[in-house]
1. Before anything else, pin down the relative contact order of the stretch 9-259: Cα pairs under 8 Å, at least 6 apart, normalised by residue count, whole percent.
2. Which residues' amide hydrogens lie under 5 Å from the amide hydrogen of Arg221, considering only partners 5 or more residues apart or on another chain, with H built in the peptide plane?
3. What ranking of Arg83, Arg12 emerges when the number of other C-beta atoms within 10 Å of each C-beta is taken as an exposure proxy, fewest first?
4. Against the longest principal axis of the chain, how steep is helix 145-158, in degrees 0 to 90 to the nearest 10, with axes from Cα atoms?
5. Taking amide hydrogens as modeled 1.01 Å from N in the peptide plane, which residues meet the under 5 Å criterion relative to Ala198, leaving out close sequence neighbours?
6. Could you identify which residue out of His177, His20, His200 has the top mean-square fluctuation in a GNM of the chain using Cα springs shorter than 10 Å?
7. Treating the beta-carbon of each Lys and Arg as +1 and of each Asp and Glu as -1, no other charges, what is the dipole magnitude of the chain about its Cα centre, to the nearest 20 debye?
8. Step through the residues of the stretch 213-230 one at a time and calculate ³J(HN,Hα) from phi using the Karplus curve (6.51 cos²θ - 1.76 cosθ + 1.60, θ = phi - 60°), rounding each to whole Hz and writing x for Gly and Pro.
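FYI, it's all coordinate maths here, none of it is from the lab. Just so it is clear, the structure is predicted and the values come from calculations on it, not from any experiment. All Cβ positions, even for glycine, are placed from backbone atoms using ideal geometry, and neighbour counts span all protein chains on display.
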Amino acid sequence: MSEQYPQTLRCRGLGLGRHHRQVLEGIDCTISPGELTAVIGPNGAGKSSLLACLAGVLQNTAGELSVNERPCANIPRGEWAKRCAFLPQQESPAWSMPAEDLVALGLLPWGRTITRAQRQARVAAALQQVDALDLALRPVTQLSGGELRRVQLARLLVGDAPTLIADEPGAALDIRHQLQLMETFRQQADAGKTVILAIHDLGLAARYCDRVLLLECGQLRAQGTPEEVLTSAQVAEVYGVRSEFRWRDGRPEFVAGDLI
């Protein structure tokens, strides 16, 4: 159903100005398919703005954003809606509807090219992926914050887009569903998709992600593997906390310490 070829996103000198203020400046990075990429940084660093630019929700005011070397500005909106699914940081339902109908909104770009039976099957499969199948008939206005987030995540997944972008997707989830969420995104990346998450939990970033982009004051402070980016010195300078990156039983682990 979706455009399944791999998608490489590339930013060259990407900048964004909003409300007479420079929000992003000089972002140079390549985000590759098959990798789970975390965008990290303190509050106000520009994470949400960068993800909104990558998703095409905000138009960059400087530099270039391309997909497989094709400028995003040249890609029709309808085509891009099939190729990229985006979950913003905060989103509240405007009206009450069953959770399954909210998930089905993720299939709107395909219109009538999919049958009712296909739609129902895809919605059920997406809800199952986020452990929310039992919520299918519940009005979204009656869901808890964590339940609603899981339903919104199902909407992100339902279209099987080759690029997935999510802004703090696990913020309202309990620890079990946070781990399940990261396992799901890990599987999506391993299947060849381009997956980009803004995330505050550096422990989860270290454990699950292949690549980390560290933003500070709208600029790209560092990029690389979690071990390369989450150094004690760099975390101290950007976040003002002591930390340690280590390996335990063959798995990466990030441990935050005291304030500096």
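1. 25
2. Amide H to amide H, under 5 Å and 5 or more residues apart or across chains, Arg221 pairs with Leu214, Leu215, Glu216.
3. In order of increasing Cβ crowding within 10 Å: Arg12, Arg83.
4. Approximately 80 degrees, to the nearest ten.
5. Val39, Ala166, Asp167, Glu168
6. His20
7. 700
8. My calculation for the stretch 213-230 gives 10, 9, 9, 8, 6, x, 10, 7, 6, 7, 8, x, 5, x, 5, 6, 8, 8 Hz in order.
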